[in-house]
1. Restricting attention to region 288-299, which residues are without any contact (Cβ under 8 Å) to a residue 60 or more places away in the chain, in contact with a strand residue (DSSP E or B) (Cβ under 8 Å, 6 or more places away or on another chain) and under 23 Å from residue 217 (Cβ atoms)?
2. Return a yes/no flag: does region 318-340 have any residue that is within 13 Å of ligand 2 (Cβ to nearest atom), more than 31 Å from the chain's Cα centre (by Cα) and touching a residue at least 24 places away in the same chain (Cβ under 8 Å).
3. Tell me whether region 14-26 contains one or more residues that are within 28 Å of residue 135 (Cβ to Cβ), over 55 Å from the mean Cα position of the chain (by Cα) and surrounded by 19 or more Cβ atoms within 10 Å (Cβ to Cβ).
4. Restricting attention to region 286-295, which residues are more than 8 Å from ligand 1 (Cβ to nearest atom) and touching a helix residue (DSSP H, G or I) at 6+ places or on another chain (Cβ under 8 Å)?
5. On the basis of being modelled with pLDDT under 85 and in the same structural domain as residue 298 (by TED's automatic domain parsing), does residue 213 make the cut?
6. From 32, 53, 28, grab the single residue that is outside any helix (DSSP H, G or I) and in contact (Cβ under 8 Å) with a residue 40 or more places away in the chain.
7. Here are 176, 168: which of them is closer than 30 Å to residue 209 by Cβ, in contact with a helix residue (DSSP H, G or I) (Cβ under 9 Å, 6 or more places away or on another chain) and away from ligand 2 (no atom under 16 Å from the Cβ)?
8. Name the pairs: first residue in region 151-171 and touching a residue at least 60 places away in the same chain (Cβ under 8 Å), second residue away from ligand 2 (no atom under 16 Å from the Cβ), Cβ to Cβ under 9 Å, at least 6 apart or on different chains?
Ligand SMILES: Nc1ncnc2c1ncn2[C@@H]1O[C@H](COP(=O)(O)OP(=O)(O)OP(=O)(O)O)[C@@H](O)[C@H]1O
Ligand SMILES: [Mg+2]
């Protein structure tokens, strides 16, 4: 909007009159302030218009061959922007009024005219002309800006949609990792011919269970894409739930030389979305394992305090990296991992908060990471 094209240094007037004396008078009146073109009849005036940039035509009405009015109407085809003034005797005014009303001519000047008056009229006409030109320019700029804005907005909407899809895809991939690993391991073990029937059943159970989980997750993804997040509440014994998680983790932790210390008593019944809570705790446990590539200990403590379940995960790793200490729950915050998506903690937080609970994380004085979860047992059944 800011780059206004500079106004022309001088306006150019084309004066048309069949009388030499009149042309001379016009020249004397205007040559100091304007560039001038002179023509002695309509056709040569139009010819001049074709070849020069002209801002105003001042023409006599009565000329042999072509009248001033005819020439002005014709000139519209060559340059519609030009300001048109006509010098006329009173007797011809009525012929001209129509053209003025149709916007073809700016105004008429009665003969005989005084140079001073004509100068003022011309200056006013140019002011009007300038404003009109500016308006045209402003409207064009406005239209261009509107177009630009509309394009930018369309792009924004598209980008927003793509980024939501991208984020959704990352969440899905994040949550698919563990079941996939378990299914893969189970299937590989099943292939062994010397497998005792009981072990075979165990591995096939693992695969079935994980496939069920995947099915559940696909349902969740569907819900999410429809804008819903419906928790599926069920009542379960929390200590059994933790025990199941521990069992799921065991093989993986054994491999990673991480020992799992279970410290919970009978905390009783809890009502919540078991699958989602499981994912929250698994995400945290996986983080602890990742933080201890040389092995270590993850201690999971659970107890009851008033109407809350308190779950604490303490590990013997190096703790949260300093640079993410205040933002580890934000999505896509990851540090020190090759293939971390940075979603584990944020998913866990979402799940806990959906249960009206709270989650905090930080480092213990001795260095390891600590995550505390509070879940109200309350009346959310
Ligand atoms: N127990 C922990 N000890 C040390 N650092 C941790 C621990 N848990 C999380 N972190 C740090 O917090 C970051 C964020 O964890 P988060 O689970 O959100 O993402 P991620 O593990 O990097 O990727 P993913 O999406 O695969 O889980 C991790 O990259 C890691 O640097
Ligand atoms: Mg993680």
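1. 289
2. The answer is yes, given that some residue of region 318-340 is within 13 Å of ligand 2 (Cβ to nearest atom), more than 31 Å from the chain's Cα centre (by Cα) and touching a residue at least 24 places away in the same chain (Cβ under 8 Å).
3. Residues of region 14-26 that are within 28 Å of residue 135 (Cβ to Cβ), as a first pass: 14-16.
Keeping just the survivors that are over 55 Å from the mean Cα position of the chain (by Cα) gives 15-16.
The next check asks that each one be surrounded by 19 or more Cβ atoms within 10 Å (Cβ to Cβ); those that pass are 15-16.
Yes, because at least one residue in region 14-26 is within 28 Å of residue 135 (Cβ to Cβ), over 55 Å from the mean Cα position of the chain (by Cα) and surrounded by 19 or more Cβ atoms within 10 Å (Cβ to Cβ).
4. Hit for region 286-295 is 289, nothing else.
5. Details: modelled with pLDDT under 85: yes; in the same structural domain as residue 298 (by TED's automatic domain parsing): no.
Against the criterion (modelled with pLDDT under 85 and in the same structural domain as residue 298 (by TED's automatic domain parsing)), residue 213 does not qualify.
6. Details: 32 fails: in contact (Cβ under 8 Å) with a residue 40 or more places away in the chain; 28 fails: outside any helix (DSSP H, G or I).
The conditions single out 53.
7. The conditions single out 168.
8. What qualifies is 171/221; 171/224.
The values are calculated or read from the model by the stated rules, or taken from the named source; none is laboratory data. Remember, it's a predicted structure, so these values are computed and weren't measured experimentally. Reconstructed Cβ throughout: ideal geometry from the backbone, glycine too, with neighbour counts over all protein chains shown.
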